[in-house]
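One structure below.
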Amino acid sequence: MVLNNKLTQAGGGSVNNTRLLRYADVLLLKAEAVLQSGGSTADAIGLINQVRTRARNMGSGTEPANYSTAETNKSTIMNWIINERLIELGGEGQRWPDLRRWQMGGIINLDNAYFSSNTSTMSFQLPKSLNFPIPNSEMDVNPNMVQNVGY
């Protein structure tokens, strides 16, 4: 049986080995975990730089340059992680889970920083807008379940 799988042809995976997480995603998640858990800032920056080095080696230039491992400001390093995740994983469905995680962790404020101040064109309400409602069919099946806030 011959499978015509574009992923296999492009070297991106196979029917038996689907790609669930990109290595860059794993490295950036680890950098965030190291930074947020009080680990070495140099280690966190080194993980970000691995992603940037791979991107740089894919082209013929000198961009993106590595970040200095001498940086110790955790806020600056977290901003590097936030920006790198946006650039590296853009269009792959990672942005909303990232924004939600950072909002819930107190790293960013979605209510002010990421949405228009024109409230007539949008309706973003914390904490309601962070989660979908649990379907009534699921609520009916389990009387111990509690509906998400705001629904």
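Read-outs: derived from the displayed coordinates by stated rules, not from any lab. Quick caveat, the model's predicted, so the values are computed rather than measured.
What the table shows:
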| item | result |
| --- | --- |
| In sequence order, calculated HN-Hα J values of region 15-30 (Karplus, 6.51, -1.76, 1.60; Hz; x Gly/Pro) | 4, 8, 9, 6, 8, 9, 10, 7, 4, 4, 5, 4, 4, 6, 5, 5 |
| Prolate/oblate/rounded call for region 22-114, Cα gyration tensor, a/c under 1.5 rounded | oblate |
